[in-house]
1. Restricting the stretch 82-96 to residues that are within 27 Å of the chain's Cα centre (by Cα) and open to solvent by 30 Å² or more (accessible area, probe 1.4 Å), which is nearest to Ile70 (Cα to Cα)?
2. Among the residues of the stretch 75-93, is any touching a residue at least 24 places away in the same chain (Cβ under 8 Å), over 28 Å from Pro471 (Cβ atoms), out of contact with any Phe, Trp or Tyr (no Cβ under 7 Å at 6 or more places or on another chain) and of a type in the set (Ser, Thr, Tyr)?
3. Evaluate the following for Tyr335: is it within 30 Å of Asp180 (Cβ to Cβ) and open to solvent by 10 Å² or more (accessible area, probe 1.4 Å)?
4. Quick check on Asp99: is it out of contact with any Leu (no Cβ under 6 Å at 6 or more places or on another chain), open to solvent by 10 Å² or more (accessible area, probe 1.4 Å) and within 30 Å of Trp500 (Cα to Cα)?
5. What residue, of Ala597, Ala590, Ala584, Ala577, is in contact with a strand residue (DSSP E or B) (Cβ under 7 Å, 6 or more places away or on another chain), more than 21 Å from Asn635 (Cβ to Cβ) and open to solvent by 30 Å² or more (accessible area, probe 1.4 Å)?
6. Pull up the stretch 206-246, narrow it to residues that are in a helix (DSSP H, G or I), open to solvent by less than 30 Å² (accessible area, probe 1.4 Å) and in contact with a helix residue (DSSP H, G or I) (Cβ under 6 Å, 6 or more places away or on another chain), then point me to the one that is farthest from Asp172 (Cα to Cα).
7. Give the residues of the stretch 348-366 that are within 15 Å of Val411 (Cβ to Cβ) and of a type in the set (A, V, I, L, M), sorted by residue number.
8. Answer with yes or no whether Ser168 is open to solvent by 10 Å² or more (accessible area, probe 1.4 Å) and modelled with pLDDT under 95.
Amino acid sequence: MAQCLWQAPPSRIANAKLTQFQHKIEVENGTSFASYDALYIWSIDCSELFWAAVWEFCGVRSSAPYRSVIRAGKSFSDTDWFEGAKLNYAENLLRRRDDKTALVSLLENGQRRSLSYAQLYKQVEQLAAALRAQGVSSGDRVAGIMPNIPEAVIAMLATASIGAIWSSCSPDFGSQGILDRFAQIQPKVLFCSDGYYYNGKTIHSLDIVKSVADSIPELKRIVVVALISECSDISAIKHATHYSDLLADAPTSPLMFEQLPFDHPLYILYSSGTTGVPKCIVHSAGGTLLQHLKEHALHTDIKTDDVLFYYTTCGWMMWNWLVSGLASECTLVLYDGSPLAGSNTLLLDAIDQEGISVFGTSARYIASLEKADIKPRESHSLSSLKTILSTGSPLSDESFNYVYRDIKKDVCLSSISGGTDIVSCFVLGNPLLPVHSGEIQCRGLGMAVEIWNDDGEAVYQEKGELVCTAPFPSCPIGFWNDADDEKFHDAYFATFPGIWAHSDYAEITVNKGVIIHGRSDAVLNPGGVRIGTAEIYRQVAKVEQVIDSVVVGQDWQNDVRVILFVVLAEGVNLNDALIKTIKATIRSNATPRHVPAKVLQVPDIPRTISGKTVELAVKETLHGRAVKNTDALANPEALVYFKDLQELQN
């Protein structure tokens, strides 16, 4: 059984929003729940009562009441939620309008800005008026190539207030990667910055913006935010104007929140695009709002006095998740730059300087701190910190132990997992439950998550496909330009008809927690035994000389053999002794089947722009097959290290 690393003290349990919510349910329904698992089962069995209770508990603002909570359709995705309700996502995020700090913006170069809720409201009001003057109306698309700065949040909120649809990429996407996304949705207005700061460099963006503007004829206005220069020359970009000029020329009019159905489209997000042109995933305003309110209030215990941070870019769904924190009336800290700036401590410094109480990051960042031998508990106060969130990839046992040993003992470490597909989580944290090493704490309330074997049978304490067997509010509306929903069906419902298959290879543990063993499409199959890639990564992370790795299956002699590639610490070279250490660590903590047939050193490993390892791209390159869309990669040049390797010919 996994080691218990943390348990919530009685005072934290008593004051948690989840405790208040549970008590409310018990009183109103004349029942009681002996455990979280009992509450979870009730939330699935009585889903209408549950989601109605979330709506009321979280104070969703709507101008018209709903007639029904759930109206089932012909298929999973046809379910209608909160039929009759009229609401606006932006209005729910801007319910507070006083001097409390809404946004703190930090840049890698040390720049800091802050906006109160009153100032945020005023700036959204101005920009919404400007967008309306540009002819933007409900259903139009507004896009952003933006750093994670206040203007990105303001542009999204102004867009949503009108009922238009927001879609964004981070500026580190290349022009083709941006066009692969935005050309499909034909935006009317594009927001961008003149550049950004990353890893000690100033990077100019306007050449890419010009290329995008020249290639999307539907664009009527390009709005340039001054970040690295107050007077960038934008004369070469057609339809371009400075952000400050757009606001100065805007008519003066009060902010109007268009009242729209629950399922009105709010966001277009994108699949990674590593296997072809990215799919445009359309998310509803009501589903996104309700799901995020639930996850923030009940699973993360975010309150008005909290300071919420998540390291993300505007091209990753965690940005959308972070921004919804405004609906909880807390303070958001935005950061743009390298997470390892300032000798790896800039983000740790921000915890103390800004009083961050909920700190979100990636598993890779935590592992990087440990590999750098950084011990924040010795160098920082961290007195404000109550919760650490981790996502992007499975968090290893070693990283769990590192957090409690070297960061802070009294903290709720919640590994979370879901995705762009649902703009939220299937499995995530819980402020009331223990933290067990290597495990995600629980399945999300209202999310009918099971693990199925190949025969479509639910299994426990066994590995299988993570599925969701019942509709949920943040199920996408569909894909853009997929009129018959064929691509949408094939993406999620082809494996088990009528059941959402998430393509995660996972396991429900004896503690009722969840372990993600890797992506289903990257599962290794040596000798017919299925192995999740994360099972190997967890063991490799224990070898201090290894700072990164990727594992793939190579087709070999009518079978599959496991090949492990490692990036080693500076000055370390792979030799027989280190290979022996790596293999012994894997064998002793997993099984002989997990031990790679070969271990090879590479200088870099390809990742998506959001930082996820792309095992499939490595596997395709290894087998001499072309990777369909290298523009989706942050470092496509790294693929060359896996091409035509003589070491894999025998």
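1. Ranking the candidates gives Glu91 first.
2. no
3. Criteria not met by Tyr335.
4. no
5. Being in contact with a strand residue (DSSP E or B) (Cβ under 7 Å, 6 or more places away or on another chain), more than 21 Å from Asn635 (Cβ to Cβ) and open to solvent by 30 Å² or more (accessible area, probe 1.4 Å) holds for just one of Ala597, Ala590, Ala584, Ala577, which is Ala597.
6. So the residue we want is Leu246.
7. Those that are within 15 Å of Val411 (Cβ to Cβ) and of a type in the set (A, V, I, L, M): Leu348, Ile351, Ile356, Val358, Ile366.
8. no
The values are calculated or read from the model by the stated rules, or taken from the named source; none is laboratory data. Keep in mind that this is a model prediction, so the values were computed, not measured. Using ideal geometry, Cβ is built from the backbone for each residue, glycine included, and neighbour counts are taken over all protein chains shown. Protein only, heavy atoms only, side chains kept; ligands, DNA and RNA dropped before computing areas. Shrake-Rupley method; radii C 1.70, N 1.55, O 1.52, S 1.80 Å.
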